[in-house]
Amino acid sequence: MFSSLKEKIGEVLLPGDEFVFESEDTIFLTDNVKPERPVCGPGLRQSGNRLVVSKSGVLRHKPPHTFWMDSQQWRYVPAKAETVIGIVTSKSGDIFKVDVGGSEQASLSYLAFEGATKRNRPNVQVGDLVFAQFTVANKDMEPELVCIDGSGRANGMGVFGGGGLLLKVSLGLVRRLLAPQSDIRSDLEQLFPCELVVGMNGRIWVRASTIQQTLIISNLLQSCDTLTAPQRREQFRKLQKGGL
Amino acid sequence: MKETPLSNCERDFLLRAIEEKKRLDGRQTYDYRKLKITFGTDYGCCFVDLGQTRVMAQVSCELVAPKENRPTEGILFFNIELSPMASPSFEQGRQSELSVKLNRQLERCLRNSKCIDTESLCVVSGEKVWQVRVDVHTLNNDGNLMDAASVAAITALCHFRRPDVAIQGEEVTVFSPEERDPIPLSVYHMPISVSFAFFQQGTFLLVDPCEREERVMDGLLMIAMNKHREICSIQSSGGIMLLKDQVMRCSKIASVKVSEITELISQALLNDKAARKAGGKCGFAESMPQDRITALKMDQTDVEMTNVSQTGSGVILQGDEAPPPTVPSPVVPVPGVGQVGQGLQSWGLEEEEEDDDDEEEESSGDDQVEEVTQIKLSEKDKKEAVVEISDSEEEEVEVDKLN
């Protein structure tokens, strides 16, 4: 059923390209068998038995049924369950206002931190960085963030400590860094030890042992956007040989 | 739109890095970013790239009545536009504080220094003088707009050519560029501004701050100088207290930088002059680099070549007789009407009948042959079953003709 889609995996598609599925006419008497529906990721939209491409990019596939468009952009649009790095802009009443790089500022409640109660407030100042995930993120409502997961644990989220540098990169680079087997991450591991927090809104926070090393990593990451894989490996190799 | 707020960790990091004499992009304390100057096809249009900061200056002129207290001098008008393209915090039309400050600084730098000879802009004393207008548009703000704007403005003024004017008694003739070559303005010297950013109450200074450095700086010192080491304008903002020897040191650094930049401008003007004289292509399209990831260039994609020869020969068989390979001599059936070739009469297709009538009425002989080939090819297109329009360079020419 997905043969027409599978043919185009790895090819560049443009908005407006359509794929039509023939729906099954027979009705199954047993409920065990469900018709195979493709799971559409970003850039693909499904209406009835038609699948329409809405963003230009390369078609990617993950078995069994997941398809999505791999496209490049810099502007972030908040989406539910994505973890982002936000900058606290104001404290008012019970909530913080956080800038995540989208069209609106998101709200983060005082109580959405691990171990926070009305008496025990989190130590967050204006201008601090927070790593949080979206619970509400659609185009009709103000986005909302929380720093705890479903079971109430922080799970790596929360307010940042001091030091380190914040950079802005493209969303494509962020996805490449967060992929399970990431070339860029493995190359970085071989350089020198550093702390890296990657937000899906295109913001990366870096901290290494010295300022020089932090600057090197931040410049490397920003240039990785426009380097091809062999060029990038060349750059890393030059750095390793040349030392600091 | 509000700008992205600066987080505390960024501010702390930048200040600590400056204390260790380290800048974000690896420059030294007194280094400028890469300065690139390109010119457009018109005279007086100039782009300046200072790192990622990009501005464009355009010079234009018109004849106006002079000011009452200066009847023999031309008028210079400067304007810096902060376009929303440059930064999300710049709003179109609104006079923000930064825009007022930049405009004032540019005026003081260029007008008060008398770098342009305004007396030579006078045409008829008391009645008509040239008003030269310099518009600087900011296209991308990555810090230090003032320096980029001053370089762009003075380069555009040096590049500009105004129309030639002849006065014979009472008559004034303004020649168009085709009649007589336009003449350049008389520029006495080139004032260039150099910006110094101060941090930690004047303890540390940086030349040519980038945008993030500008956000954490305490104050800014702008020195406008020319290559003869004359200071044209000096301005300090941000309310920092500077010592005398600090200002002297800055002016020495500025003179070195200004001589380098003036050298660069002269070289760019010479290159442009040589390119125009040689008749080569000049303008922005030529100056854009081609191998950036955002440039309009694609790797070759594979093209379905399996049955091209078959469809090609099929098309040739299906089509009617090919148009004549040589152009027949024009025929004059009626005075005032010229005809080359036989138009579309030889095809005898019903759909083309209306076009046939129109074609015969057109009298220009030169267009006739071209139109014949164009319509012939589109005719072929209708007959082809499958046309693959791909981005391959091999088929590019054919696609153009089909259009």
(message) If I filter region A:127-142 down to residues being within 14 Å of chain B (Cβ to nearest Cβ) and in a loop (DSSP other than H, G, I, E, B), which single residue comes out as farthest from B:Val216 (Cα to Cα)?
(response) A:Asp128
(request) Sort out which residues of region A:51-74 are closer than 23 Å to A:Ser103 by Cβ and either aliphatic (A, V, I, L, M) or in contact (Cβ under 8 Å) with a residue 60 or more places away in the chain (or both), and write them in order of number. (result) A:Met69, A:Ser71, A:Gln72, A:Gln73, A:Trp74
(request) Using the structure shown, decide if A:Met141 is of a type in the set (A, V, I, L, M) and open to solvent by 70 Å² or more (accessible area, probe 1.4 Å). (result) yes
(request) May I ask you to list the residues in region B:48-66 that are within 14 Å of chain A (Cβ to nearest Cβ) and buried (at least 20 other Cβ atoms within 10 Å of the Cβ)? (result) B:Gly51
(message) Could you check region A:92-110 and list, in sequence order, the residues that are among the β-branched types (Val, Ile, Thr) and within 14 Å of chain B (Cβ to nearest Cβ)?
(response) A:Val98, A:Val100
(request) Could you list, in sequence order, all residues of region A:163-194 that are more than 13 Å from the chain's Cα centre (by Cα) and aliphatic (A, V, I, L, M)? (result) A:Leu165, A:Leu166, A:Leu167, A:Ile184, A:Leu188, A:Leu191
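Every residue in region B:8-24 that is of a type outside the set (D, E, K, R) and either within 15 Å of B:Asp208 (Cβ to Cβ) or open to solvent by less than 20 Å² (accessible area, probe 1.4 Å) (or both), please. I'd like the intermediate steps shown before the answer.
Taking region B:8-24 as the starting set, the residues that turn out to be of a type outside the set (D, E, K, R) are B:8-9, B:13-15, B:17-18, B:24.
Passing the criteria: B:Cys9, B:Phe13, B:Leu14, B:Ala17, B:Ile18, B:Leu24.
In the set B:Val194, B:Val174, which member is touching a residue at least 60 places away in the same chain (Cβ under 8 Å), surrounded by fewer than 16 Cβ atoms within 10 Å (Cβ to Cβ) and not polar (S, T, N, Q)?
The match here is B:Val174.
Please specify each residue of region B:6-16 satisfying the condition of being in contact (Cβ under 8 Å) with a residue 40 or more places away in the chain and either at the interface with another protein chain (Cβ under 7 Å from one of its Cβ atoms) or touching a His at 6+ places or on another chain (Cβ under 7 Å) (or both). Show your work before the answer.
Of region B:6-16, the ones in contact (Cβ under 8 Å) with a residue 40 or more places away in the chain are B:6, B:10-11, B:14-15.
Scanning region B:6-16 gives a single hit, B:Glu10.
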(request) Determine the pairs where a residue that is of a type in the set (D, E, K, R), located within region A:38-50, has a partner that is part of a loop (DSSP other than H, G, I, E, B) with Cβ atoms under 7 Å apart, the partner being 6 or more residues away or on another chain. (result) A:Arg45/A:Ser54
(request) Restrict the check to region B:204-224 and report whether at least one residue is open to solvent by 50 Å² or more (accessible area, probe 1.4 Å), farther than 24 Å from B:Glu20 by Cα, under 26 Å from the mean Cα position of the chain (by Cα) and not aromatic (Phe, Trp, Tyr). (result) no
(request) Taking the options A:Ser223, A:Ser218, A:Ser186, name whichever one is away from chain B (no Cβ under 13 Å) and either touching a Gly at 6+ places or on another chain (Cβ under 7 Å) or among the small types (Gly, Ala, Ser) (or both). (result) A:Ser186
(message) Going by what's in this entry, would A:Ser151 be described as surrounded by fewer than 17 Cβ atoms within 10 Å (Cβ to Cβ), within 14 Å of chain B (Cβ to nearest Cβ) and part of a loop (DSSP other than H, G, I, E, B)?
(response) no
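Looking at region A:1-92, what strands (runs of 3 or more DSSP E) fall wholly within it and have at least 1 residues that are open to solvent by 80 Å² or more (accessible area, probe 1.4 Å) and modelled with pLDDT of 80 or more?
On the way: elements: A:18-20, A:44-47, A:50-53, A:57-62, A:66-70, A:83-92.
Fully inside region A:1-92 and qualifying: A:18-20, A:44-47, A:50-53, A:57-62, A:83-92.
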(message) open to solvent by less than 30 Å² (accessible area, probe 1.4 Å), within 11 Å of another protein chain (Cβ to nearest Cβ) and among the hydroxyl-bearing types (Ser, Thr, Tyr): is that true of B:Ser87 in this structure?
(response) no
(request) Quick one: count up the residues across region A:111-126 that are buried (at least 16 other Cβ atoms within 10 Å of the Cβ) and either within 14 Å of chain B (Cβ to nearest Cβ) or outside any loop (DSSP other than H, G, I, E, B) (or both). (result) 1
(request) Identify the single condition in (1) in contact with a Pro (Cβ under 9 Å, 6 or more places away or on another chain); (2) within 21 Å of B:Pro5 (Cβ to Cβ); (3) open to solvent by 50 Å² or more (accessible area, probe 1.4 Å); (4) not in a loop (DSSP other than H, G, I, E, B) that A:Glu104 does not satisfy, given that it satisfies every other one. (result) (4)
(message) Please go through region B:17-68 and give me each residue that is in contact with a strand residue (DSSP E or B) (Cβ under 8 Å, 6 or more places away or on another chain), within 30 Å of B:Pro184 (Cβ to Cβ), touching a residue at least 60 places away in the same chain (Cβ under 8 Å) and not in a strand (DSSP E or B), ordered by number.
(response) B:Tyr32, B:Arg33, B:Gly40, B:Tyr43, B:Gly44, B:Ala65, B:Pro66
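Here is a yes/no grid of residues against (1) over 24 Å from the mean Cα position of the chain (by Cα); (2) of a type in the set (Gly, Ala, Ser):
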| position | (1), (2) |
| --- | --- |
| A:Arg75 | no, no |
| A:Lys80 | no, no |
| A:Thr83 | no, no |
| A:Gly86 | no, yes |
| A:Thr89 | no, no |
| A:Phe96 | no, no |
| A:Ala112 | no, yes |
| A:Lys118 | yes, no |
| A:Gln125 | yes, no |
(message) Can you find a residue that is of a type in the set (Val, Ile, Thr), within 25 Å of B:Gly202 (Cβ to Cβ), surrounded by fewer than 17 Cβ atoms within 10 Å (Cβ to Cβ) and more than 14 Å from every other protein chain (Cβ to nearest Cβ) anywhere in region B:25-47?
(response) yes
(message) Which of the strands (runs of 3 or more DSSP E) found entirely inside region B:108-169 contain at least 1 residues meeting this: out of contact with any Ser or Thr (no Cβ under 8 Å at 6 or more places or on another chain) and buried (at least 20 other Cβ atoms within 10 Å of the Cβ)?
(response) B:128-140
(request) For A:Gly162, work out the one condition from (1) more than 14 Å from every other protein chain (Cβ to nearest Cβ); (2) open to solvent by 30 Å² or more (accessible area, probe 1.4 Å); (3) closer than 24 Å to A:Gln105 by Cα; (4) not polar (S, T, N, Q) it doesn't fulfil. (result) (1)
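Do we have B:Glu3 as within 14 Å of another protein chain (Cβ to nearest Cβ), open to solvent by 40 Å² or more (accessible area, probe 1.4 Å) and at pLDDT below 90 here?
On the way: within 14 Å of another protein chain (Cβ to nearest Cβ): yes; open to solvent by 40 Å² or more (accessible area, probe 1.4 Å): yes; at pLDDT below 90: yes.
Considered against the rule, which asks whether it is within 14 Å of another protein chain (Cβ to nearest Cβ), open to solvent by 40 Å² or more (accessible area, probe 1.4 Å) and at pLDDT below 90, B:Glu3 comes out as yes.
The values are calculated or read from the model by the stated rules, or taken from the named source; none is laboratory data. Since the structure is predicted, the reported quantities are computational estimates derived from the model, not experimental observations. Reconstructed Cβ throughout: ideal geometry from the backbone, glycine too, with neighbour counts over all protein chains shown. Accessible surface is based on the protein model in full, side chains and every heavy atom, while ligands, DNA and RNA are left aside. Shrake-Rupley method; radii C 1.70, N 1.55, O 1.52, S 1.80 Å.
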